1. Starting from the amide H of SER140, placed 1.01 Å from N in the peptide plane, find each other amide H under 5 Å away whose residue is 5 or more places distant or on another chain.
2. Modelling each spin label as a point 7 Å along the Cα-to-Cβ direction, I'd like the SER89/ASP139 distance in nm, to one decimal.
3. How high is the FRET efficiency from ALA269 to SER169, r the C-beta distance, R0 25 Å, rounded to 0.05?
4. Taking the Cα of ASP195, stepping 7 Å toward and past its beta carbon, and measuring to each backbone N in region 107-124: which are under 16 Å?
5. I'd like the distance separating the alpha-carbon centroids of region 195-232 and region 134-180, in whole Å.
6. Hey, with R₀ at 30 Å, roughly what FRET efficiency would LEU76 and VAL96 work out to, going by the Cβ-Cβ distance, to 0.05?
7. At R0 = 35 Å, how high is the FRET efficiency between SER283 and ARG176 if r is their beta carbon distance? Nearest 0.05 is fine.
8. Would you mind ranking VAL225, VAL284 so that the residue whose beta carbon has the fewest other beta carbons within 10 Å leads the list?
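Readers should treat all values here as calculations from the given coordinates under stated rules, not as data from a laboratory. Model, not experiment: these values are computed from the prediction. Neighbour counts run over all protein chains shown; Cβ positions are idealised from the backbone, glycine included.
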Amino acid sequence: MVAVKQQFQQDSQSAARAIVERLDRSDNEGQPGRARSGADLSVGFLLWPKFPLLSLAGFCDALRHAADLGDQSRPLRCAWEIVGLPNESVESSCGVSVQPQTVLPPPRQFDYLVTIGGLLPYLDAVDKRYWDYLSQAADSGVPLIGMCTGSFVLAKAGLMEGRVACVHSFHLDDYRRLFPGLRVTGNSDYLIDGDRITCAGGVSVIELASRLISLHCGADRASKVIHQMTVSRQGGSSFVERRRALGYLAVDNFNIRHAIVLMEENLEAPLNISVIAKMIGISVRQLERAFLSETGMPPKAFYRSMRLRYARWLLLNTDKLITTIAYECGFADSAHFIRDVKEIYGMTPGKLRASINQKAE
């Protein structure tokens, strides 16, 4: 019995290594030019007093896994730095202190500047140069990420005007009380609103990091992150398989990659194409031309195809009711869902599921 268990563990470890090696070999072609740091993705972290250590560690570890082959941890594809003032140490909420690695460098060297907020009573307990640095980054066009109560920091800095913030439900009333003129939501893990991104915190930071890694470094890099950090040990289909089912494309156009991320995040309640174009910062016509050039289909058709691919994966890999799958994939009712599945796959959802079950037998 012991020998069988050991063999099972060895087989599991070999399978896990094989997945990581396959992802590492999938060095996506058609990636954009290197970031200002020389990496595909460069991130700066600005820490507020009493910040949650998990948010910093989770985001950095995601970048670490995406940056190199295997588990070597070299900052090649991704680069990250903690920025701050000289001879300063920032204490986290659990008491562990972290020293900045770089003294407030020019923010334009980063693709994103992440502000990790701390306990609300410490919101003002920072040097004025921190606030100035955030404003400088915004003026330079660097996208800002407010993580945990970092959304409060951005709002207090006057950098969330006309934007929607995503906060943890625990702090929803606090945000409304402190910033009554600003919009806020507490029912999502994170929210991308143009060049402002806010995240509720906790394990959601890993999901956000994987989205940005997918956007800049490719889907396989993001899949490796999720596999290394959160893959289920209970068996079943992996995140890697699920993401492949969604039909990622390696494309040169950054706007299309951004649009695909937004589509993927909103499968259950599909966004209007005009809304996607507005969130990216281009016209609907520009987005349509880019999609036709890169994918051969307009964005609306691509979006529908993505939802149907995911629906097919759910039909073949889960026991969910067809009605449930229809709603999860953004269809108003089962009738429309059945019609579209039959149009694309040549049979109804029920027959498609049954055909796979028959082959398995």
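1. The answer is none.
2. Here the answer is 3.4 nm between the modelled labels.
3. Working: r = 19 Å, r/R0 = 0.76.
Between ALA269 and SER169 the formula returns 0.85.
4. Once the point is set 7 Å along Cα→Cβ of ASP195, 107-115 turn out to lie under 16 Å by backbone N, inside region 107-124.
5. First find each Cα centre; the distance between them is then 20 Å.
6. On the way: r = 27 Å, r/R0 = 0.91.
Efficiency at R0 = 30 Å is approximately 0.65.
7. Working: r = 34 Å, r/R0 = 0.96.
That pair, SER283 with ARG176, gives E of 0.55.
8. Details: VAL225 27, VAL284 15.
Least crowded to most crowded, the residues run VAL284, VAL225.
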